[in-house]
Amino acid sequence: MSERKSRLTITVDPQLEAYAEQLVETGQAASVSAAFNDAMTEKAYRDRHRRGLWKARSDQADPLRVARMMAAIDRQLAQ
Amino acid sequence: MTGPAGIPLILDTSVLIAIARGDPDIIGLVQAYDSRAQPLVIPALATVGASLDARSEEADDLLAGLELLGHATAAPLRGVGQATRLADVIARTGLDPWDAHTAAVADAAVCPVLTLHPAKWHEPGAALDAPLHIIEITDPDDPEGSGQLA
């Protein structure tokens with residue numbers, strides 16, 4: 001994957017734009033672009049963590065029990 | 001085969017609580033539905049109820065993980081019209097806001113509700129103009145019933 005940054009036009013809520021500009025003004029972000037870059041990096045991390053949590057739990061599921069529950073649901077839906 | 005003709009299934013608070021508590025079989029069930037492209041609906045206020053029950057970061061991560069599934073959609077409470085419709089459902093059924101939002105979504109969309117606790121829906125369901133289609137998540141081989149998991 002290229003390290004070169006790409007240009008992107010986005011539309012954001014006014015309060016989030018104001019917060020991003022505040023981060024820049026107070027020196028907590030180098031630019032508004034950097035602030036949104038950081039936010040997306042954080043979201044990507046959180047989403048990966050959540051997917052991993054779901055996978056870990058579903059790996060512990062009893063597949064036969066899950067199949068029985070699905071069959072019972074199918075029977076009720078067919079009524 | 002589930003959800004005839006791809007009819008969305010609505011998850012109620014009891015199912016979301018089981019997910020928030022990390023119940024592997026319920027999470028496995030939801031994941032299996034998603035892998036079969038079965039549309040699932042998550043009422044926003046039912047999620048509030050589940051989060052209040054569990055109160056942990058991991059529980060909230062598990063609940064938020066629902067939205068990362070390919071075929072699950074959150075049903076928000078949007079606008080004054082939906083808010084007053086929810087108030088009407090609460091007044092008529094006596095349900096708490098978490099379950100009442102599930103009932104309001106099911107009533108408007110005419111979709112079945114998946115639950116671990118079907119008994120709680122009997123009376124409220126009858127108070128609505130059209131009866132709700134309540135589907136119990138149960139394991140026929142479990143004498144205790146899978147509702148005991150939640």
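Share of pairwise Cα-Cα distances greater than 12 Å in segment A:1-60 is 76 percent (whole percent).
What the phi angles of segment A:34-39 give under the Karplus curve with 6.51, -1.76 and 1.60, with θ = phi - 60°, is a coupling list of 5, 4, 6, 4, 4, 4 Hz, glycine and proline written as x.
Determine the distance separating the Cα centre of segment B:110-126 from the Cα centre of segment B:38-84; give it in Å without decimals. Each part reduced to its Cα centre gives a spacing of 18 Å.
Give the order of B:Y33, A:Y19, A:Y45 when sorted by the count of other beta carbons within 10 angstrom, beginning with the fewest. The partial results should precede the final answer.
Values: B:Y33 23, A:Y19 15, A:Y45 10.
Least crowded to most crowded, the residues run A:Y45, A:Y19, B:Y33.
Here the scattering of segment B:22-100 is modelled by Debye summation over its C-alpha atoms, one equal scatterer each and no solvent; at q = 0.11, 0.13 Å⁻¹ the log10 of I(q)/I(0) is -0.35, -0.48.
With N set to the number of residues, divide the alpha-carbon radius of gyration of the protein assembly as shown by 2.2 N^0.38 Å and report two decimals. Don't skip to the answer; put the middle values down first.
On the way: Rg = 20.3 Å, N = 229, 2.2 N^0.38 = 17.3 Å.
It is 1.17.
According to the Kirkwood relation over distinct C-alpha pairs, the hydrodynamic radius of segment B:1-64 is 12.0 Å.
Put simply, the amide H of B:T73, placed in the peptide plane, has neighbours under 5 Å in B:L40, B:V41, B:I42, leaving out anything fewer than 5 places away on its chain.
Note on B:T47, B:T102, B:T73, A:T9: ascending count of other Cβ atoms within 10 Å places them as A:T9, B:T73, B:T47, B:T102, the fewest first.
The angle separating the long axis of helix A:14-25 from the principal Cα axis of greatest extent in chain A is about 50 degrees. When each of B:D139, B:D107, B:D88 is scored by the number of other beta-carbon atoms lying within 10 Å, the sequence from fewest to most is B:D88, B:D107, B:D139. The percentage of C-alpha pairs in chain B whose separation is greater than 25 Å is 23%.
No value in this document is a laboratory result; all are computed from the given coordinates. Nothing here was measured: the structure is a model prediction, and the numbers come from that model. Cβ coordinates were reconstructed from backbone atoms using ideal geometry, including for glycine residues, and neighbour counts include every protein chain displayed.
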